[in-house]
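Peer 1: Sending over a structure as structure tokens; questions will come in a sec.
Read-outs throughout are calculated quantities, based only on the coordinates presented, and are distinct from any laboratory measurement. No experiment lies behind these values; they were computed from the predicted model shown. Cβ coordinates were reconstructed from backbone atoms using ideal geometry, including for glycine residues, and neighbour counts include every protein chain displayed.
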Amino acid sequence: MNFFVKIILLVALLYATLGNGATVKRKDASWRKGYDYIIVGGGTAGVALSTRLSQGLPDSKILLIEAGPAAFDELGINVPGKKGSTLGTQYDWNFTTIPQPALKNRVLAQNRGKVLGGSSALNLLTYDRASASEYDGWGEVGNPGWDFDTFEDMMDRAENFTSADTEWYDDDNDGINTDGPVRGTINRFIPAHQNGWVPTLNSLGIETNKEYMSGNPLGVMYSSSSIDPTHYNRSYSANAYLPLAGPRLTVMTDTTVLKVNLKQDHHGYYATGVTLANGTVINATQEVILSAGSFQSPGLLELSGIGNKTVLAAAGIEQLIELPGVGENLQDHIRIQTSYQVKENYTSFDILRYNTTYATEQLQLWFEGKYSIYDYTGSAYSFMTWKQAIGNDSTLRALAQAAVGSSKHPADTKKLEWLSDPTIPQLEVIMSDGYTGVKGYPAIGTALYGKGFFSLLAAVMHPLSRGTVHINSSDPLGKPIIDPNYLSNGYDLQAAIAAIKKCRQIATTPPLSDVWDSEYEPGLENVNTDAEWKDFVLNTTLTIYHPVGTCAMLPRMDGGVVDPKLKVYGTRNLRVVDASIIPVLISAHMQTAVYGIAEMAADIIIGNLNS
Ligand SMILES: Cc1cc2nc3c(=O)[nH]c(=O)nc-3n(C[C@H](O)[C@H](O)[C@H](O)COP(=O)(O)OP(=O)(O)OC[C@H]3O[C@@H](n4cnc5c(N)ncnc54)[C@H](O)[C@@H]3O)c2cc1C
Ligand SMILES: *[C@@H]1O[C@H](CO)[C@@H](O)[C@H](O)[C@H]1NC(C)=O
Ligand SMILES: *[C@@H]1O[C@H](CO)[C@@H](O)[C@H](O)[C@H]1NC(C)=O
Ligand SMILES: *[C@@H]1O[C@H](CO)[C@@H](O)[C@H](O)[C@H]1NC(C)=O
Ligand SMILES: *[C@@H]1O[C@H](CO)[C@@H](O)[C@H](O)[C@H]1NC(C)=O
Ligand SMILES: *[C@@H]1O[C@H](CO)[C@@H](O)[C@H](O)[C@H]1NC(C)=O
Ligand SMILES: *[C@@H]1O[C@H](CO)[C@@H](O)[C@H](O)[C@H]1NC(C)=O
Ligand SMILES: *[C@@H]1O[C@H](CO)[C@@H](O)[C@H](O)[C@H]1NC(C)=O
Ligand SMILES: *[C@@H]1O[C@H](CO)[C@@H](O)[C@H](O)[C@H]1NC(C)=O
Ligand SMILES: *[C@@H]1O[C@H](CO)[C@@H](O)[C@H](O)[C@H]1NC(C)=O
Ligand SMILES: *[C@@H]1O[C@H](CO)[C@@H](O)[C@H](O)[C@H]1NC(C)=O
Ligand SMILES: *[C@@H]1O[C@H](CO)[C@@H](O)[C@H](O)[C@H]1NC(C)=O
């Protein structure tokens, strides 16, 4: 049995021993009568929040409910080089979008973790931050108390950054912390053909940044990954936070919540607890907190009677609270990629696909804690403004202005404002070793099988498309209906074209141009004109898995779902704490922000009780 699972069982045993709560102080909080706090969704935010509440409210009984299993021994999760291998498995909800009209009606994957640790167990381990102005922006759209200085402290509470004062990170301790639970480390495994990354970007005018965690992410860098450097395991919410939990946290895995139970009194609605998918009701005397993520927190609100009247009526759900912002405002980062066949004298990460002897040897090295290709995660990043990327950005800015039009939605107006801010990145390009793309790795038996590749992934940081996620009216308990509306405006399309052309430019600039023989996807001879690039974009755009905004922290009149204390409008003790509350998408991968949201929520809830 695993160490962590033992902890959980021990906690359960402790309760059993204490019987009706020898240490229980609150009068309603007996074992039989339920819990003080129930957190729905043991993912990135849910595990972090429940751990902090159990530490800060030692007299409270806290229940964390997770639909998936605990998987502390799963190699596909623990081994950094196996990133991606868990997509489409039992640990993945396997969601997809509905056909996207602006992408030739393609259906895109929308993977999400269904395991203790949630998407932090499945993600690609990028550990970074956006610019200070963007976190400030979350406050400026109507959320007093949210600004970079405060939020940076919250992100820091989650963090143990272990690469300060190294070759690729300055000794400056600004913006980083070394005593939080989640490890952020610059990967020790750098493939030889990646050595040209920094000089190539430098020669294109992008400066080296060795302090990218402190609120200025612009530049080129070896960025960190969520890896514990002592044994090179993935560091994620479940294995980082749970060992720190106080004794009165109970974790229930393999258990799906159906809805939140609400009651009304003369002060309005309040949550009394939750109903599980098997019909069991569990009461909460203090609060219910939804941490089911951007695709499922809004659905749980809808199933509980909170949302748009039309959506609820279609699904046969009685509306209790009119809150039309639920499931709206879905924003996501799009990504597009090119791939290059490396020269024969370089070993690419693709070797793990075709040489099982090598793979076995390397995995053994990983088990022994030695330097191994299985340590690998992408570590070559760059963030730039459009001006830095393409020179004259006036066309893109005009397209953005036209796309926003007369919209007064805070996400639209902020993104427009951010386009003119020289401190905010608009484009990210990542060098990722091994083939990743849409065409597929060459099939066995074809000439290129057994060859190595690297990919350049471009992501547009502030697409203007906003979409929706709602329950399926014909099957409210089934998969959510996800419509991100990708590339539904002129800015997003031209930004994607500019982004992918930038990948070609980077690849063909020395010294990076010296390490490859041919462009595998799309191919130098296949795609050159803007019309061809456009077709390539429509054929191959994917998500980089950063959906946010579907229970937005915004004023109610702007389509908000939660207030600055993360409380759902119209209720007094129901909160949402996960990526869905992010009002405006930022120029970073999401996990450090999600941990920050959980830490902020813990601070708010614990502070509330103590004041
Ligand atoms: C494939 C992939 C790659 C990514 N790569 C990166 C990256 O490299 N770096 C980065 O920073 N970010 C990355 N992200 C994004 C980041 O991981 C997520 O934004 C973040 O983990 C979301 O956290 P969350 O708490 O909002 O949701 P989640 O972590 O997804 O947690 C939601 C939890 O709720 C549970 N749940 C849902 N419904 C119910 C229910 N009804 N009852 C009980 N439990 C329920 C789920 O099973 C899940 O465990 C990636 C995401 C994915 C999916
Ligand atoms: C749970 O709460 C409901 C609604 O408030 C109440 O009717 C029920 O008695 C409670 N159950 C227990 C076991 O306390
Ligand atoms: C690291 O991963 C291995 C292999 O899955 C596992 O046995 C071990 O418990 C993990 N260690 C930590 C600290 O998570
Ligand atoms: C996701 O798909 C895989 C492969 O079809 C399947 O094994 C797994 O059970 C699915 N996950 C869920 C949560 O349904
Ligand atoms: C920070 O991480 C390092 C590497 O895993 C570890 O040795 C150290 O104990 C951690 N610090 C804290 C306070 O957890
Ligand atoms: C419902 O699920 C819970 C949690 O998994 C379990 O404890 C309970 O026994 C189940 N109840 C029924 C009726 O199956
Ligand atoms: C509610 O949903 C319906 C159906 O999708 C939509 O037409 C309507 O505009 C929504 N109402 C509000 C206030 O957003
Ligand atoms: C690979 O070969 C090229 C010449 O074709 C050379 O410039 C480069 O240094 C070699 N790289 C390695 C890692 O051997
Ligand atoms: C596979 O890897 C083994 C062990 O590293 C090596 O000896 C062998 O030459 C490799 N085979 C191929 C086809 O690359
Ligand atoms: C940028 O391009 C626009 C439109 O093509 C042009 O009008 C403008 O003069 C250019 N600006 C600069 C500084 O070159
Ligand atoms: C909604 O549910 C129905 C009934 O199960 C199913 O046929 C339909 O495909 C679902 N819609 C979507 C978009 O998934
Ligand atoms: C896009 O896809 C279509 C249909 O599969 C194909 O005919 C076309 O060549 C592709 N275009 C590019 C640039 O990849």
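Peer 1: What does the net charge come to around A411 if you take all other residues with beta carbon closer than 14 Å to its beta carbon, with K and R at +1 and D and E at -1?
Peer 2: Net local charge, A411 excluded: -4.
Peer 1: Give, to the nearest whole percent, the P(r) tail of the stretch 488-565 beyond 18 angstrom, counting all Cα pairs.
Peer 2: Details: 1739 of 3003 pairs.
Tail of P(r) above 18 Å: 58 percent of Cα pairs.
Peer 1: In degrees between 0 and 90, to the nearest 10, how far off the longest principal axis of the chain does helix 591-610 point, with axes built from Cα atoms?
Peer 2: 20
Peer 1: What percent do you get for the relative contact order of the stretch 519-611 when only Cα pairs under 8 Å and 6+ apart count?
Peer 2: Rounded, it is 20 percent for the stretch 519-611.
Peer 1: On to the next question. What shape does the stretch 92-135 have by the C-alpha gyration tensor, where a ≥ b ≥ c are the square roots of the eigenvalues, rounded means a/c under 1.5, and otherwise prolate means a/b greater than b/c and oblate the rest? It would help to have the intermediate numbers written out before the result.
Peer 2: On the way: a/c = 3.28, a/b = 1.28, b/c = 2.57.
Oblate.
Peer 1: Using the per-residue mean of other Cβ atoms lying within 10 Å as a proxy for protection, in what order, highest first, do the peptides 42-50, 125-133 fall?
Peer 2: Top to bottom by mean Cβ count within 10 Å: 42-50, 125-133.
Peer 1: Okay, moving on. Answer rounded, prolate or oblate for the chain, using the Cα gyration tensor with square roots of eigenvalues a ≥ b ≥ c: rounded when a/c is under 1.5, else prolate when a/b is larger than b/c, else oblate.
Peer 2: Prolate shape, in that a/c is at least 1.5 and a/b is the bigger ratio.
Peer 1: Would you list which aspartates and glutamates come within 16 Å of K263, measuring only between C-alpha atoms, while excluding same-chain residues fewer than 8 positions from it?
Peer 2: List returned: E287, E302, E318, E322.
Peer 1: Right, next: What share of the DSSP beta bridges in the chain is antiparallel, in percent to the nearest 5?
Peer 2: Antiparallel bridges make up about 70 percent of those DSSP assigns within the chain.
Peer 1: Right, another one. Cα-Cα over 29 Å: which of K61/K82; K414/K567; K414/K501; K408/K501?
Peer 2: K61/K82; K408/K501
Peer 1: Continuing with the same structure: Got a sec to turn the phi values of the stretch 475-487 into Karplus ³J(HN,Hα) couplings, 6.51 cos²θ - 1.76 cosθ + 1.60 with θ = phi - 60°, whole Hz, x for Gly and Pro?
Peer 2: My calculation for the stretch 475-487 gives 7, x, 8, x, 5, x, 8, 9, 10, x, 6, 3, 6 Hz in order.
Peer 1: A further question on this structure: At a Förster distance of 41 Å, what's the computed FRET efficiency of E318 paired with E417, Cβ-Cβ distance as r, to 0.05?
Peer 2: 0.50
Peer 1: Can you sort R112, R575 so the residue with the fewest Cβ neighbours within 10 Å comes first? Could you put the intermediate results ahead of the total?
Peer 2: Numbers: R112 22, R575 25.
Listing R112, R575 from fewest to most nearby Cβ atoms yields R112, R575.
Peer 1: Go through T96, S407, L477 and say which Cα lies farthest out towards the positive end of the charge dipole of the chain; charges sit on Cβ, +1 for Lys and Arg, -1 for Asp and Glu.
Peer 2: Checking the options against the dipole of the chain, the answer is L477.
Peer 1: Mind running the shape call on the stretch 193-241? Use the C-alpha gyration tensor, a ≥ b ≥ c as the square roots of the eigenvalues: rounded below 1.5 for a/c, prolate if a/b tops b/c, oblate otherwise.
Peer 2: Values: a/c = 4.31, a/b = 1.97, b/c = 2.20.
Oblate, since a/c reaches 1.5 and b/c is not below a/b.
Peer 1: Express in nm, to one decimal, how much length is gained between S214 and A192 on full extension, taking 0.36 nm for each residue of separation and deducting their alpha carbon distance.
Peer 2: 5.1 nm
Peer 1: Return the FRET efficiency for the residue pair T89, H266: r is the Cβ-Cβ distance, R0 is 56 Å, and the value is rounded to the nearest 0.05.
Peer 2: Working: r = 49 Å, r/R0 = 0.88.
It comes to 0.70.
Peer 1: To test your reading of the geometry: what angle, between 0 and 90 degrees and rounded to tens, separates the Cα axis of helix 3-18 from the longest principal axis of the chain?
Peer 2: It works out to around 10 degrees.
Peer 1: Normalised by the number of residues in the chain, what is the relative contact order in percent for Cα pairs under 8 Å and 6+ residues apart?
Peer 2: 21 percent.
Peer 1: Helix 356-367 versus the longest principal axis of the chain: what is the Cα-based angle in degrees, 0 to 90, to the nearest 10?
Peer 2: Roughly 50 degrees between the two axes.
Peer 1: Ordered by packing density, taken as the mean number of other Cβ atoms within 10 Å over each peptide's residues, highest first, how do 505-513, 364-372 rank?
Peer 2: 505-513, 364-372
Peer 1: On to the next question. Tell me the trypsin sites (Lys or Arg not before Pro) within the stretch 60-105 that lie in a loop according to DSSP and have at most 12 other beta-carbon atoms within 10 Å.
Peer 2: Listed in order of number, the matching sites are K104.
Peer 1: Related question: Given 0.36 nm per residue, what is the gain on full extension from N173 to T508 after removing their alpha carbon distance, in nm?
Peer 2: Full-extension gain reported as 117.0 nm.
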